[in-house]
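Q: Below: one structure in C-alpha coordinates.
The values are calculated or read from the model by the stated rules, or taken from the named source; none is laboratory data. Quick caveat, the model's predicted, so the values are computed rather than measured. Counting neighbours? That spans all protein chains shown, and the Cβs are built from the backbone with ideal geometry, glycine included. What goes into the accessible areas is simple: the full protein's heavy atoms, side chains included, and nothing from ligands, DNA or RNA. Shrake-Rupley method; radii C 1.70, N 1.55, O 1.52, S 1.80 Å.
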Amino acid sequence: MSTSFRGASTVVDSILFRDAFGTPAMREVFSDRALIGRYIEVEVALARAEARCGVIPAEAAEVIARESQLDRIDFDHMREETDIVGYPILPLVHQLVAMSGEAGRYLHWGATTQDIMDTANVLQVRAALELVDADIRTLRGILADLALKHRDTPMAGRTHLQQALPVTFGYKVAIWLAMFDRHQERLAQLRERVLVVSFAGAAGTLASLGDKGFEVQAALADELKLGVPATTWHVARDAFAETVNLLALITGSLGKIAVDVMIMASTEFGELYEPFVKGRGASSTMPQKRNPISSELMLAAAKAVRQHAGLMVDAMIQDFERATGPWHAEWIALPESFVFAAGALHQAKFALGGLIVDVDKMRHNLGISRGLIVAEAVMMGLAPATGRQQAHDIVYDACRTVNEQGGTLAEALAALPAVTKHFDRAAIDRLTDPANYLGLAPQMVDRAIERSRQVTA
(Lines give C-alpha, C1' and ligand atoms only; values in the text may rest on other atoms or scores of the structure.)
Protein backbone atom coordinates (compact mmCIF):
# COMPACT_ATOMS: atom_id res chain seq x y z
CA MET A 1 0.00 0.00 0.00
CA SER A 2 1.38 3.40 -0.96
CA THR A 3 2.14 5.81 1.87
CA SER A 4 2.82 8.79 -0.40
CA PHE A 5 -0.80 9.94 -0.61
CA ARG A 6 -1.50 12.99 1.53
CA GLY A 7 -5.17 13.85 1.65
CA ALA A 8 -7.57 15.80 3.82
CA SER A 9 -9.05 14.19 6.92
CA THR A 10 -12.64 15.51 6.64
CA VAL A 11 -15.30 15.51 3.94
CA VAL A 12 -15.04 19.30 3.74
CA ASP A 13 -11.64 19.14 2.05
CA SER A 14 -11.51 15.50 0.94
CA ILE A 15 -10.46 14.85 -2.64
CA LEU A 16 -13.20 12.22 -2.76
CA PHE A 17 -16.07 13.91 -0.98
CA ARG A 18 -15.54 17.69 -0.99
CA ASP A 19 -17.80 18.37 -3.98
CA ALA A 20 -20.51 16.10 -2.59
CA PHE A 21 -20.65 17.97 0.71
CA GLY A 22 -19.64 21.47 -0.39
CA THR A 23 -18.86 23.73 -3.32
CA PRO A 24 -15.58 25.20 -4.58
CA ALA A 25 -16.89 28.73 -4.17
CA MET A 26 -17.80 28.29 -0.51
CA ARG A 27 -14.61 26.40 0.28
CA GLU A 28 -12.65 29.29 -1.18
CA VAL A 29 -14.43 31.78 1.10
CA PHE A 30 -13.22 29.82 4.13
CA SER A 31 -9.86 28.64 2.83
CA ASP A 32 -6.71 29.37 4.82
CA ARG A 33 -5.40 31.79 2.20
CA ALA A 34 -8.71 33.64 2.08
CA LEU A 35 -8.86 33.84 5.87
CA ILE A 36 -5.33 35.19 6.21
CA GLY A 37 -6.12 37.57 3.37
CA ARG A 38 -9.07 38.83 5.42
CA TYR A 39 -6.83 39.31 8.46
CA ILE A 40 -4.53 41.44 6.32
CA GLU A 41 -7.49 43.33 4.86
CA VAL A 42 -8.64 44.24 8.38
CA GLU A 43 -5.14 45.28 9.51
CA VAL A 44 -4.73 47.50 6.45
CA ALA A 45 -8.20 48.98 6.89
CA LEU A 46 -7.40 49.71 10.53
CA ALA A 47 -4.22 51.55 9.58
CA ARG A 48 -6.10 53.61 7.00
CA ALA A 49 -8.90 54.36 9.47
CA GLU A 50 -6.43 55.49 12.13
CA ALA A 51 -4.62 57.67 9.61
CA ARG A 52 -7.95 59.27 8.68
CA CYS A 53 -8.50 60.02 12.36
CA GLY A 54 -5.01 61.36 12.94
CA VAL A 55 -4.01 58.51 15.25
CA ILE A 56 -1.10 57.29 13.10
CA PRO A 57 0.82 59.06 10.31
CA ALA A 58 -0.78 58.87 6.88
CA GLU A 59 2.56 57.86 5.38
CA ALA A 60 2.75 54.88 7.72
CA ALA A 61 -0.73 53.72 6.64
CA GLU A 62 0.29 53.99 3.00
CA VAL A 63 3.38 51.85 3.57
CA ILE A 64 1.39 49.27 5.56
CA ALA A 65 -1.22 49.06 2.81
CA ARG A 66 1.41 48.76 0.09
CA GLU A 67 3.70 46.26 1.76
CA SER A 68 1.20 43.95 3.49
CA GLN A 69 0.85 41.37 0.75
CA LEU A 70 -0.60 37.90 1.14
CA ASP A 71 1.89 36.41 -1.33
CA ARG A 72 4.78 37.46 0.91
CA ILE A 73 3.51 35.50 3.92
CA ASP A 74 5.61 32.54 5.06
CA PHE A 75 2.74 30.16 5.82
CA ASP A 76 4.86 27.42 7.33
CA HIS A 77 6.45 29.83 9.78
CA MET A 78 3.06 31.35 10.58
CA ARG A 79 1.66 27.89 11.29
CA GLU A 80 4.57 26.99 13.55
CA GLU A 81 4.25 30.23 15.51
CA THR A 82 0.47 29.88 15.72
CA ASP A 83 0.94 26.46 17.31
CA ILE A 84 3.01 28.15 19.99
CA VAL A 85 0.94 31.32 20.52
CA GLY A 86 -2.46 29.65 20.15
CA TYR A 87 -3.79 32.38 17.85
CA PRO A 88 -2.77 33.42 14.33
CA ILE A 89 -2.77 37.21 14.64
CA LEU A 90 0.47 37.81 16.54
CA PRO A 91 2.40 35.56 14.13
CA LEU A 92 0.83 37.47 11.23
CA VAL A 93 1.60 40.85 12.78
CA HIS A 94 5.24 39.81 13.20
CA GLN A 95 5.51 39.22 9.45
CA LEU A 96 3.56 42.34 8.46
CA VAL A 97 5.69 44.51 10.73
CA ALA A 98 8.82 43.14 9.08
CA MET A 99 7.36 43.85 5.64
CA SER A 100 6.45 47.43 6.57
CA GLY A 101 9.80 48.55 7.99
CA GLU A 102 9.62 51.66 10.14
CA ALA A 103 5.91 52.01 9.42
CA GLY A 104 5.38 48.63 11.04
CA ARG A 105 5.49 50.23 14.50
CA TYR A 106 1.97 51.57 13.79
CA LEU A 107 0.49 48.26 12.64
CA HIS A 108 -2.27 46.68 14.80
CA TRP A 109 -2.42 49.97 16.78
CA GLY A 110 -4.90 49.74 19.66
CA ALA A 111 -6.34 46.44 18.45
CA THR A 112 -6.58 43.05 20.09
CA THR A 113 -6.36 39.66 18.42
CA GLN A 114 -10.09 39.02 18.65
CA ASP A 115 -10.88 42.33 16.94
CA ILE A 116 -9.01 41.23 13.85
CA MET A 117 -10.25 37.65 13.85
CA ASP A 118 -13.89 38.52 14.48
CA THR A 119 -13.94 41.22 11.83
CA ALA A 120 -12.27 38.90 9.33
CA ASN A 121 -14.92 36.29 10.12
CA VAL A 122 -17.63 38.88 9.51
CA LEU A 123 -16.11 39.59 6.08
CA GLN A 124 -16.15 35.85 5.37
CA VAL A 125 -19.76 35.60 6.52
CA ARG A 126 -20.73 38.49 4.26
CA ALA A 127 -19.23 36.75 1.22
CA ALA A 128 -20.71 33.41 2.26
CA LEU A 129 -24.19 34.86 2.75
CA GLU A 130 -24.05 36.24 -0.79
CA LEU A 131 -23.49 32.71 -2.09
CA VAL A 132 -26.30 31.29 0.06
CA ASP A 133 -28.61 34.13 -0.98
CA ALA A 134 -27.98 33.45 -4.67
CA ASP A 135 -28.53 29.71 -4.24
CA ILE A 136 -31.81 30.24 -2.40
CA ARG A 137 -33.04 32.62 -5.11
CA THR A 138 -32.23 30.04 -7.77
CA LEU A 139 -33.88 27.26 -5.78
CA ARG A 140 -37.01 29.35 -5.25
CA GLY A 141 -37.28 29.87 -8.99
CA ILE A 142 -37.01 26.11 -9.54
CA LEU A 143 -39.67 25.42 -6.92
CA ALA A 144 -42.04 28.09 -8.25
CA ASP A 145 -41.84 26.63 -11.76
CA LEU A 146 -42.37 23.11 -10.44
CA ALA A 147 -45.34 24.15 -8.30
CA LEU A 148 -46.99 25.94 -11.19
CA LYS A 149 -46.40 23.05 -13.60
CA HIS A 150 -48.04 20.60 -11.20
CA ARG A 151 -50.64 22.95 -9.75
CA ASP A 152 -53.41 20.53 -10.70
CA THR A 153 -51.55 17.21 -10.62
CA PRO A 154 -53.54 15.06 -8.15
CA MET A 155 -51.74 12.78 -5.75
CA ALA A 156 -52.33 11.18 -2.39
CA GLY A 157 -51.79 13.42 0.58
CA ARG A 158 -50.31 11.44 3.45
CA THR A 159 -50.41 11.92 7.20
CA HIS A 160 -48.57 9.56 9.56
CA LEU A 161 -47.35 7.87 6.34
CA GLN A 162 -50.93 6.82 5.57
CA GLN A 163 -53.02 8.08 2.69
CA ALA A 164 -55.22 10.84 4.08
CA LEU A 165 -56.85 13.09 1.48
CA PRO A 166 -56.04 14.02 -2.12
CA VAL A 167 -53.72 16.97 -2.70
CA THR A 168 -51.75 18.10 -5.72
CA PHE A 169 -48.03 17.76 -6.23
CA GLY A 170 -47.92 21.48 -6.91
CA TYR A 171 -49.42 22.08 -3.47
CA LYS A 172 -46.65 20.01 -1.88
CA VAL A 173 -43.98 21.96 -3.77
CA ALA A 174 -45.63 25.27 -2.86
CA ILE A 175 -45.12 24.38 0.80
CA TRP A 176 -41.43 23.82 0.06
CA LEU A 177 -41.30 27.15 -1.77
CA ALA A 178 -42.86 29.08 1.10
CA MET A 179 -40.18 27.77 3.46
CA PHE A 180 -37.43 29.19 1.28
CA ASP A 181 -39.27 32.47 0.83
CA ARG A 182 -39.10 32.82 4.60
CA HIS A 183 -35.44 31.85 4.63
CA GLN A 184 -34.72 34.57 2.06
CA GLU A 185 -36.41 37.10 4.33
CA ARG A 186 -34.55 35.81 7.39
CA LEU A 187 -31.26 36.13 5.57
CA ALA A 188 -31.95 39.76 4.67
CA GLN A 189 -32.90 40.54 8.27
CA LEU A 190 -29.80 38.77 9.61
CA ARG A 191 -27.34 40.91 7.67
CA GLU A 192 -27.99 44.04 9.73
CA ARG A 193 -27.23 42.18 12.95
CA VAL A 194 -24.18 40.18 11.91
CA LEU A 195 -22.36 42.41 9.43
CA VAL A 196 -20.82 44.76 11.99
CA VAL A 197 -17.21 45.54 12.78
CA SER A 198 -15.43 44.18 15.84
CA PHE A 199 -12.95 46.72 17.18
CA ALA A 200 -12.81 47.45 20.88
CA GLY A 201 -9.36 46.65 22.26
CA ALA A 202 -8.14 44.37 25.02
CA ALA A 203 -11.14 44.48 27.38
CA GLY A 204 -13.57 45.99 24.90
CA THR A 205 -13.43 49.58 26.19
CA LEU A 206 -11.24 51.14 23.44
CA ALA A 207 -9.10 52.54 26.26
CA SER A 208 -5.91 52.43 24.19
CA LEU A 209 -7.23 55.06 21.79
CA GLY A 210 -8.42 57.57 24.36
CA ASP A 211 -11.08 59.88 22.99
CA LYS A 212 -10.46 58.66 19.43
CA GLY A 213 -11.94 55.20 20.04
CA PHE A 214 -15.40 55.65 18.59
CA GLU A 215 -14.06 57.72 15.70
CA VAL A 216 -11.57 55.02 14.70
CA GLN A 217 -14.19 52.29 15.13
CA ALA A 218 -16.56 54.12 12.81
CA ALA A 219 -13.79 54.82 10.30
CA LEU A 220 -12.78 51.15 10.29
CA ALA A 221 -16.38 50.12 9.72
CA ASP A 222 -16.57 52.58 6.84
CA GLU A 223 -13.36 51.24 5.29
CA LEU A 224 -14.80 47.72 5.33
CA LYS A 225 -18.40 48.71 4.51
CA LEU A 226 -19.66 47.22 7.76
CA GLY A 227 -22.02 48.47 10.44
CA VAL A 228 -21.05 49.85 13.84
CA PRO A 229 -22.24 47.82 16.85
CA ALA A 230 -23.90 49.47 19.83
CA THR A 231 -21.49 47.76 22.21
CA THR A 232 -18.47 45.50 22.13
CA TRP A 233 -19.42 41.96 21.13
CA HIS A 234 -16.32 40.01 22.13
CA VAL A 235 -18.44 37.82 24.41
CA ALA A 236 -21.88 38.55 22.95
CA ARG A 237 -21.98 35.88 20.25
CA ASP A 238 -25.67 35.88 19.39
CA ALA A 239 -25.18 37.16 15.82
CA PHE A 240 -22.82 34.37 14.82
CA ALA A 241 -25.02 31.86 16.63
CA GLU A 242 -28.02 33.21 14.75
CA THR A 243 -26.13 32.86 11.49
CA VAL A 244 -25.41 29.16 11.96
CA ASN A 245 -28.91 28.55 13.28
CA LEU A 246 -30.28 30.13 10.10
CA LEU A 247 -28.12 27.70 8.13
CA ALA A 248 -29.62 24.93 10.27
CA LEU A 249 -33.12 26.11 9.32
CA ILE A 250 -32.16 26.21 5.64
CA THR A 251 -30.61 22.76 5.66
CA GLY A 252 -33.46 21.52 7.84
CA SER A 253 -35.91 22.52 5.13
CA LEU A 254 -33.70 20.81 2.56
CA GLY A 255 -33.72 17.72 4.76
CA LYS A 256 -37.53 17.76 4.83
CA ILE A 257 -37.63 17.93 1.04
CA ALA A 258 -35.01 15.19 0.83
CA VAL A 259 -37.08 12.83 2.98
CA ASP A 260 -40.17 13.46 0.86
CA VAL A 261 -38.25 12.81 -2.34
CA MET A 262 -36.51 9.69 -1.00
CA ILE A 263 -39.76 8.10 0.16
CA MET A 264 -41.62 9.05 -3.01
CA ALA A 265 -38.73 7.61 -5.05
CA SER A 266 -38.94 4.26 -3.27
CA THR A 267 -40.01 1.29 -5.38
CA GLU A 268 -43.39 1.02 -3.65
CA PHE A 269 -44.20 4.69 -4.36
CA GLY A 270 -42.39 5.34 -7.64
CA GLU A 271 -43.75 8.88 -7.93
CA LEU A 272 -40.52 10.90 -8.14
CA TYR A 273 -36.97 10.36 -9.33
CA GLU A 274 -33.85 12.47 -9.18
CA PRO A 275 -32.45 13.42 -12.61
CA PHE A 276 -30.91 10.54 -14.52
CA VAL A 277 -27.15 10.65 -14.90
CA LYS A 278 -25.47 7.47 -16.08
CA GLY A 279 -23.93 5.73 -13.09
CA ARG A 280 -25.31 8.13 -10.48
CA GLY A 281 -26.84 6.27 -7.54
CA ALA A 282 -25.68 2.92 -8.85
CA SER A 283 -25.11 -0.04 -6.57
CA SER A 284 -21.90 -2.09 -6.66
CA THR A 285 -23.93 -5.32 -6.62
CA MET A 286 -27.48 -4.51 -7.74
CA PRO A 287 -27.63 -3.17 -11.32
CA GLN A 288 -31.27 -2.15 -10.99
CA LYS A 289 -30.64 0.36 -8.18
CA ARG A 290 -31.05 4.10 -8.69
CA ASN A 291 -30.41 5.61 -5.28
CA PRO A 292 -31.49 9.21 -4.48
CA ILE A 293 -27.94 10.40 -3.87
CA SER A 294 -28.58 14.16 -3.79
CA SER A 295 -31.38 13.74 -1.27
CA GLU A 296 -29.17 11.57 0.90
CA LEU A 297 -26.45 14.23 0.90
CA MET A 298 -28.99 16.95 1.70
CA LEU A 299 -30.22 14.98 4.69
CA ALA A 300 -26.68 14.34 5.94
CA ALA A 301 -25.89 18.06 5.69
CA ALA A 302 -29.03 18.93 7.64
CA LYS A 303 -27.95 16.64 10.47
CA ALA A 304 -24.39 18.02 10.52
CA VAL A 305 -25.42 21.68 10.52
CA ARG A 306 -27.99 21.02 13.23
CA GLN A 307 -25.17 19.76 15.44
CA HIS A 308 -23.11 22.85 14.71
CA ALA A 309 -26.11 25.08 15.49
CA GLY A 310 -26.19 23.57 18.95
CA LEU A 311 -22.46 24.07 19.30
CA MET A 312 -22.82 27.77 18.42
CA VAL A 313 -25.53 28.23 21.02
CA ASP A 314 -23.32 26.47 23.55
CA ALA A 315 -20.46 28.79 22.58
CA MET A 316 -22.60 31.80 23.51
CA ILE A 317 -22.01 31.02 27.18
CA GLN A 318 -18.78 32.95 27.67
CA ASP A 319 -17.08 34.17 30.79
CA PHE A 320 -16.69 37.86 31.67
CA GLU A 321 -15.15 40.19 29.03
CA ARG A 322 -13.08 37.65 27.07
CA ALA A 323 -13.83 33.95 26.90
CA THR A 324 -11.50 31.11 27.87
CA GLY A 325 -12.54 28.56 25.26
CA PRO A 326 -16.07 28.78 23.84
CA TRP A 327 -14.83 31.19 21.16
CA HIS A 328 -12.66 28.44 19.69
CA ALA A 329 -15.69 26.25 19.06
CA GLU A 330 -16.88 28.82 16.54
CA TRP A 331 -13.75 28.20 14.48
CA ILE A 332 -15.05 24.67 13.93
CA ALA A 333 -18.74 25.34 13.45
CA LEU A 334 -18.87 28.51 11.37
CA PRO A 335 -16.93 27.48 8.25
CA GLU A 336 -18.15 23.89 8.21
CA SER A 337 -21.78 24.97 8.51
CA PHE A 338 -21.48 27.26 5.50
CA VAL A 339 -19.72 24.61 3.43
CA PHE A 340 -22.32 21.95 4.28
CA ALA A 341 -25.17 24.39 3.60
CA ALA A 342 -23.69 25.33 0.23
CA GLY A 343 -23.27 21.67 -0.65
CA ALA A 344 -26.85 20.87 0.30
CA LEU A 345 -28.19 23.80 -1.72
CA HIS A 346 -26.12 22.68 -4.69
CA GLN A 347 -27.55 19.17 -4.44
CA ALA A 348 -31.07 20.59 -4.13
CA LYS A 349 -30.70 22.72 -7.25
CA PHE A 350 -29.55 19.67 -9.18
CA ALA A 351 -32.17 17.25 -7.84
CA LEU A 352 -35.17 19.57 -7.99
CA GLY A 353 -34.10 21.32 -11.17
CA GLY A 354 -34.31 18.04 -13.07
CA LEU A 355 -36.82 16.21 -10.92
CA ILE A 356 -38.71 13.49 -12.79
CA VAL A 357 -42.37 13.45 -11.79
CA ASP A 358 -44.36 10.33 -12.69
CA VAL A 359 -47.86 11.79 -12.93
CA ASP A 360 -49.39 8.44 -13.93
CA LYS A 361 -47.93 6.69 -10.90
CA MET A 362 -49.23 9.45 -8.64
CA ARG A 363 -52.71 8.91 -10.07
CA HIS A 364 -52.34 5.14 -9.74
CA ASN A 365 -51.30 5.43 -6.10
CA LEU A 366 -54.20 7.75 -5.49
CA GLY A 367 -56.50 4.90 -6.50
CA ILE A 368 -54.98 2.06 -4.49
CA SER A 369 -57.32 2.68 -1.57
CA ARG A 370 -60.21 1.95 -3.95
CA GLY A 371 -61.87 5.23 -3.13
CA LEU A 372 -61.40 5.20 0.64
CA ILE A 373 -59.14 8.24 0.46
CA VAL A 374 -62.20 10.36 -0.36
CA ALA A 375 -64.46 8.93 2.34
CA GLU A 376 -64.62 12.38 3.88
CA ALA A 377 -65.75 13.83 0.56
CA VAL A 378 -68.56 11.32 0.29
CA MET A 379 -69.63 11.96 3.88
CA MET A 380 -69.77 15.71 3.30
CA GLY A 381 -71.64 15.14 0.04
CA LEU A 382 -74.26 12.98 1.73
CA ALA A 383 -74.61 15.13 4.83
CA PRO A 384 -77.01 17.75 3.36
CA ALA A 385 -79.41 14.97 2.44
CA THR A 386 -79.05 12.67 5.46
CA GLY A 387 -77.50 14.74 8.24
CA ARG A 388 -73.87 14.71 9.17
CA GLN A 389 -73.85 11.85 11.70
CA GLN A 390 -76.01 9.55 9.60
CA ALA A 391 -73.79 10.27 6.59
CA HIS A 392 -70.76 9.35 8.69
CA ASP A 393 -72.33 6.03 9.67
CA ILE A 394 -73.35 5.21 6.09
CA VAL A 395 -69.88 5.85 4.72
CA TYR A 396 -68.28 4.02 7.65
CA ASP A 397 -70.30 0.91 6.79
CA ALA A 398 -69.37 1.24 3.12
CA CYS A 399 -65.68 1.52 4.01
CA ARG A 400 -65.91 -1.64 6.14
CA THR A 401 -67.45 -3.45 3.19
CA VAL A 402 -64.55 -2.43 0.94
CA ASN A 403 -61.98 -3.49 3.54
CA GLU A 404 -63.63 -6.82 4.27
CA GLN A 405 -65.14 -7.85 0.93
CA GLY A 406 -63.16 -5.92 -1.67
CA GLY A 407 -64.51 -3.78 -4.45
CA THR A 408 -64.49 -0.01 -4.52
CA LEU A 409 -66.12 2.59 -2.34
CA ALA A 410 -68.32 3.62 -5.26
CA GLU A 411 -69.58 0.05 -5.66
CA ALA A 412 -70.22 -0.31 -1.94
CA LEU A 413 -72.15 2.97 -1.85
CA ALA A 414 -74.16 2.03 -4.95
CA ALA A 415 -75.39 -1.06 -3.07
CA LEU A 416 -76.84 0.99 -0.21
CA PRO A 417 -80.45 2.20 -0.58
CA ALA A 418 -79.71 5.02 1.90
CA VAL A 419 -77.36 6.39 -0.73
CA THR A 420 -79.10 5.55 -3.98
CA LYS A 421 -82.32 7.26 -2.97
CA HIS A 422 -80.35 10.52 -3.05
CA PHE A 423 -77.64 9.91 -5.69
CA ASP A 424 -77.47 8.03 -8.98
CA ARG A 425 -74.35 6.09 -10.01
CA ALA A 426 -72.87 9.03 -11.96
CA ALA A 427 -73.14 11.25 -8.90
CA ILE A 428 -71.58 8.54 -6.72
CA ASP A 429 -68.68 8.24 -9.17
CA ARG A 430 -68.16 12.00 -9.04
CA LEU A 431 -68.19 11.95 -5.24
CA THR A 432 -65.59 9.17 -5.11
CA ASP A 433 -63.23 10.63 -7.72
CA PRO A 434 -60.18 11.95 -5.78
CA ALA A 435 -59.55 14.61 -8.40
CA ASN A 436 -62.84 16.22 -7.37
CA TYR A 437 -61.77 16.63 -3.75
CA LEU A 438 -58.61 18.72 -3.89
CA GLY A 439 -59.93 21.50 -1.71
CA LEU A 440 -58.10 24.77 -2.27
CA ALA A 441 -54.78 23.07 -3.04
CA PRO A 442 -54.48 24.62 -6.54
CA GLN A 443 -55.45 28.04 -5.24
CA MET A 444 -52.86 27.75 -2.48
CA VAL A 445 -50.25 27.20 -5.18
CA ASP A 446 -51.37 30.44 -6.82
CA ARG A 447 -51.16 32.32 -3.54
CA ALA A 448 -47.75 30.90 -2.69
CA ILE A 449 -46.30 31.85 -6.05
CA GLU A 450 -47.71 35.36 -5.83
CA ARG A 451 -46.28 35.87 -2.37
CA SER A 452 -42.96 34.47 -3.51
CA ARG A 453 -42.82 37.06 -6.26
CA GLN A 454 -43.30 39.76 -3.64
CA VAL A 455 -40.32 38.44 -1.68
CA THR A 456 -38.19 38.58 -4.83
CA ALA A 457 -39.32 42.14 -5.52
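Q: For the range 363-370, what does the Karplus curve 6.51 cos²θ - 1.76 cosθ + 1.60, with θ = phi - 60°, yield as ³J(HN,Hα) per residue in whole Hz, taken in order and with x for Gly and Pro?
A: Once rounded to whole Hz, the list reads 5, 4, 5, 5, x, 6, 7, 6.
Q: Treating only the Cβ of Lys, Arg, Asp and Glu as charged (+1, +1, -1, -1), what charge dipole size does the chain show about its Cα centre? Round to the nearest 20 debye.
A: Computed charge dipole of the chain: roughly 1660 debye.
Q: Label residue 404 and residue 19 with points 7 Å out from Cα along Cα→Cβ: what is the distance between them in nm?
A: 6.2 nm
Q: Sort the following peptides by mean Cβ neighbour count (other Cβ atoms within 10 Å, averaged over residues), highest first: 93-105, 194-206.
A: For the peptides 93-105, 194-206, the packing ranking is 194-206, 93-105.
Q: For helix 293-314, report the angle its Cα long axis makes with the longest principal axis of the Cα atoms of the chain; keep it between 0 and 90° and round to the nearest 10°.
A: It works out to around 50 degrees.
Q: Per DSSP H run of at least 4 residues, take -39500 (n - 2.57); add these up for the chain, divide by its residues and hand me the 222 nm value, nearest 500 deg cm²/dmol.
A: Mean residue ellipticity, 222 nm, calculated: -20500 deg cm²/dmol.
Q: Over 19 Å apart: what share of the alpha carbon pairs of the range 61-113 falls there, rounded to a whole percent?
A: For the range 61-113, the fraction of Cα-Cα distances above 19 Å is 25 percent.
Q: Quick one: Cα centre-to-centre distance for the range 172-211 and the range 1-77, in angstrom?
A: Here the two parts' Cα centres lie 22 Å apart.
Q: Quick one: length gained pulling residue 191 to residue 90 fully straight, 0.36 nm per residue minus the C-alpha distance?
A: In short, 33.4 nm is gained.
Q: FRET efficiency for residue 380 and residue 429, Cβ-Cβ distance as r, R0 = 22 Å, nearest 0.05?
A: For residue 380 and residue 429, the calculated efficiency is 0.85.
Q: Considering amide H positions built from the backbone, and no H for Pro or chain starts, which residues 5 or more places from residue 291, or on another chain, come under 5 Å of its amide H?
A: Those lying under 5 Å, H to H, from residue 291 are 282.
Q: Once amide H atoms are built 1.01 Å from N in the peptide plane, which residues 5 or more positions from residue 272, or in another chain, come under 5 Å H to H?
A: When sequence neighbours closer than 5 places are left aside, the close amide H contacts are 265, 358.
Q: Might you tell me the accessible area per residue for the chain, computed with a 1.4 Å probe and given in Å²?
A: Result: 48 Å² of accessible area for each residue.
Q: Can you tell me the length gained on complete extension of the stretch residue 266 to residue 212, counting 0.36 nm per residue apart and subtracting the Cα distance?
A: 12.9 nm
Q: So what are the ³J(HN,Hα) numbers for the range 128-136, from phi and the Karplus equation (6.51, -1.76, 1.60; θ = phi - 60°), rounded to whole Hz, Gly and Pro as x?
A: Whole-Hz 3J(HN,Hα) from phi for the range 128-136: 5, 5, 4, 5, 4, 4, 5, 5, 5.
Q: In whole percent, how big is the carbon plus sulfur part of the accessible area of the range 293-357, probe 1.4 Å, protein atoms only?
A: Ligands and nucleic acids excluded, carbon and sulfur reach 63 percent.
Q: Separate question: Stokes-Einstein D for the chain at 10 °C, 1.306 mPa s, Kirkwood Rh over Cα pairs, in µm²/s?
A: Translational diffusion coefficient: 61 µm²/s.
Q: Could you go through the range 247-260 in sequence order and give the Karplus-derived ³J(HN,Hα) for each residue, using 6.51 cos²θ - 1.76 cosθ + 1.60 with θ = phi - 60°, rounded to whole Hz, and x for Gly and Pro?
A: Coupling constants for the range 247-260: 4, 5, 5, 4, 5, x, 5, 5, x, 5, 4, 4, 5, 4 Hz.
Q: Next question. Tell me the trypsin sites (Lys or Arg not before Pro) within the range 426-457 that lie in a loop according to DSSP and have at most 10 other beta-carbon atoms within 10 Å.
A: Filter output for the range 426-457: empty list.
Q: Turning to a different aspect of this structure: At 4 °C and a viscosity of 1.567 mPa s, what translational diffusion coefficient does Stokes-Einstein give for the range 306-363, taking Rh as the Kirkwood radius over Cα pairs? Give it in µm²/s as a whole number.
A: 91 µm²/s
Q: Let me ask you something else. Need the full-extension length gain, residue 133 to residue 149, defined as separation in residues times 0.36 nm minus the C-alpha distance. One decimal, nm.
A: 3.3 nm
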